[in-house]
Amino acid sequence: MLRVSQFLVALLFSLAPTTVTLAEAGDAFRSKVPPGTVELDLLKMLNISTLHKGVGRTTGPISSLPAWKLFSGLNAVQIPLEPESSFQHQLASTGALSAIFVTRPNRHSVATLFSIHLPGKMSPLVRVAVNFRTRRFVLSYTVPDYVATSSDEDEGGDRATNRRDLDMADDVSEGDGTEPVADDADETFRLNSADVRHVKFKLASAKALKKTHGWTWIGVTLTREKVTLYENCEKPVEIELVHSPLLRFPSDALVYFRQEPGLKRKFVGSVQVARLYSNRITSRPWKCSSAGTASLEE
């Protein structure tokens, strides 16, 4: 009996550090957004595990968090925003949407990290996609229909500072869908390609990923004024917007993780963090070593 008790005590002690570290891992990211910010942990909300078809285990750069290898067979990737009313309300109030991803994609792939759509619509309200072949990060968003879309207005023009690039997205095309859809504030979206803006960043070269074993740490914040991108330990980059996004989504909006409606542009590779926040990221969400390697360690 004594041996059993000793075993149980030892087991509890062995589990305790992991439990604490898991909490610290979440707190490390939440500490970089204002207090009270609502977090959507997409991996938890979708119950990503090996119980799903198309999911395997792997090892990521954050020792305290599970990491998953995603194959093309994983299709259960849709999250309705209607139950997440606190997220939607705060998002409309702050006017800022942020995302943090830690991923290791298959090489030379073109993939969506997340996108937000109205049911049955192909054009995104917001989408984050990465072309790992050309090393492009593309954030796309729909503007309200009262915003002019004349062709002589460049997306960022020369007003964007510290820009890496601003252009129409590589390998990004829009569906049809031209019906206006009213949201709770009686704003409308005309969901066609003319109302979608694309903000493009150049990512660091593939050689820079060698020190991270292929893992990419990405943080991005979209506000009404600008987009801010954090990539690994590169210098943060900001691009000012001419046309503001309407970050007040209709209640029936859907979040798609790692792909878009119609199973388009699936992310195939490994992922350890996939989280959305209803406010802006205040600083780089992770630490950088003297060698320029991202981590959550001090």
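The values are calculated or read from the model by the stated rules, or taken from the named source; none is laboratory data. Since this is a predicted model, take the numbers as computed values, not measurements. All Cβ positions, glycine included, derive from the backbone under ideal geometry; neighbour counts span all protein chains shown.
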What single numbered condition from (1) modelled with pLDDT under 90; (2) surrounded by fewer than 17 Cβ atoms within 10 Å (Cβ to Cβ) fails to hold for residue 51? (1)
Within the set of pairs 6+ apart or on separate chains, which have a first residue in the range 274-298 that is without any contact (Cβ under 8 Å) to a residue 60 or more places away in the chain, a second that is of a type outside the set (Ser, Thr, Tyr) and in a loop (DSSP other than H, G, I, E, B), and C-beta atoms under 7 Å apart? 287/296; 287/297; 287/298; 288/233
Of residues in the range 107-136 being closer than 15 Å to residue 198 by Cα and of a type in the set (Ser, Thr, Tyr), the one modelled with the lowest pLDDT: 123
Which of the residues spanning the range 244-298 are at positive phi and aliphatic (A, V, I, L, M)? 263
Can you confirm whether residue 29 is in contact with a Pro (Cβ under 8 Å, 6 or more places away or on another chain), aromatic (Phe, Trp, Tyr) and surrounded by 15 or more Cβ atoms within 10 Å (Cβ to Cβ)? yes
Within the range 196-219, how many residues are in contact with a strand residue (DSSP E or B) (Cβ under 8 Å, 6 or more places away or on another chain), over 22 Å from residue 122 (Cβ atoms) and outside any loop (DSSP other than H, G, I, E, B)? 8
Flagged in the range 232-267 as surrounded by fewer than 18 Cβ atoms within 10 Å (Cβ to Cβ), outside any strand (DSSP E or B) and either within 17 Å of the chain's Cα centre (by Cα) or among the small types (Gly, Ala, Ser) (or both), in numbering order, are 236, 244, 251, 262
With the requirement that a residue be within 18 Å of the chain's Cα centre (by Cα) and outside any helix (DSSP H, G or I), what does the range 35-60 give you? 37, 38, 39, 40, 41, 46, 47, 48, 60
Against the condition surrounded by fewer than 21 Cβ atoms within 10 Å (Cβ to Cβ), touching a residue at least 12 places away in the same chain (Cβ under 8 Å) and of a type in the set (S, T, N, Q), how does residue 228 come out, does it pass? yes
Please verify whether the range 142-156 includes one or more residues that are at pLDDT below 80 and within 28 Å of residue 217 (Cα to Cα). yes
Can you say whether residue 113 is in contact with a helix residue (DSSP H, G or I) (Cβ under 8 Å, 6 or more places away or on another chain), within 18 Å of residue 42 (Cα to Cα) and assigned to a strand (DSSP E or B), as far as the supplied structure shows? no
Name the residues in the range 279-298 that are surrounded by fewer than 12 Cβ atoms within 10 Å (Cβ to Cβ) and either under 15 Å from residue 235 (Cβ atoms) or touching a Phe, Trp or Tyr at 6+ places or on another chain (Cβ under 7 Å) (or both), would you? 283
Using the structure shown, decide if residue 222 is assigned to a loop (DSSP other than H, G, I, E, B) and within 17 Å of the chain's Cα centre (by Cα). no
